[in-house]
Amino acid sequence: MMDKTLPRPAQSLWTDEEGLTTVEYALLLALLVVAAIGVWSAFGAKVQSAVTSSTSAFDTATGTS
């Protein structure tokens, strides 16, 4: 729906969809960053604990303490 009372430059900006994809990708990227921060906050300490535990077990098993 385009307003016929808009000046011609404003009408062309209103109907232009070229930059729309860029905005959609930027919003998707922002959502992924927020999700990654949430996952890191929730599981970061558990992952570090598991890696430390398995490293210690590997060192004990191989005798490289």
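Odds and ends about this structure:
- Across region 26-42, coupling constants 3J(HN,Hα) worked out from phi with the 6.51/-1.76/1.60 Karplus curve, θ = phi - 60°, read 5, 5, 5, 4, 4, 5, 5, 5, 4, 5, 5, 5, x, 5, 4, 5, 6 Hz, and Gly and Pro carry x.
- The chain, helix-only ellipticity at 222 nm - DSSP H runs n ≥ 4, -39,500 (n - 2.57), divided by all residues, nearest 500: -28000 deg cm²/dmol
- Entry for log10 I(q)/I(0) by the Debye sum over Cα atoms at q = 0.13 Å⁻¹ (calculated from the structure that is shown) out of (1) -0.53; (2) -0.65; (3) -0.35: (2)
Here, each number is a calculation from the coordinates, and none is a lab measurement. All values reported here derive from a predicted model rather than from experimental measurement.
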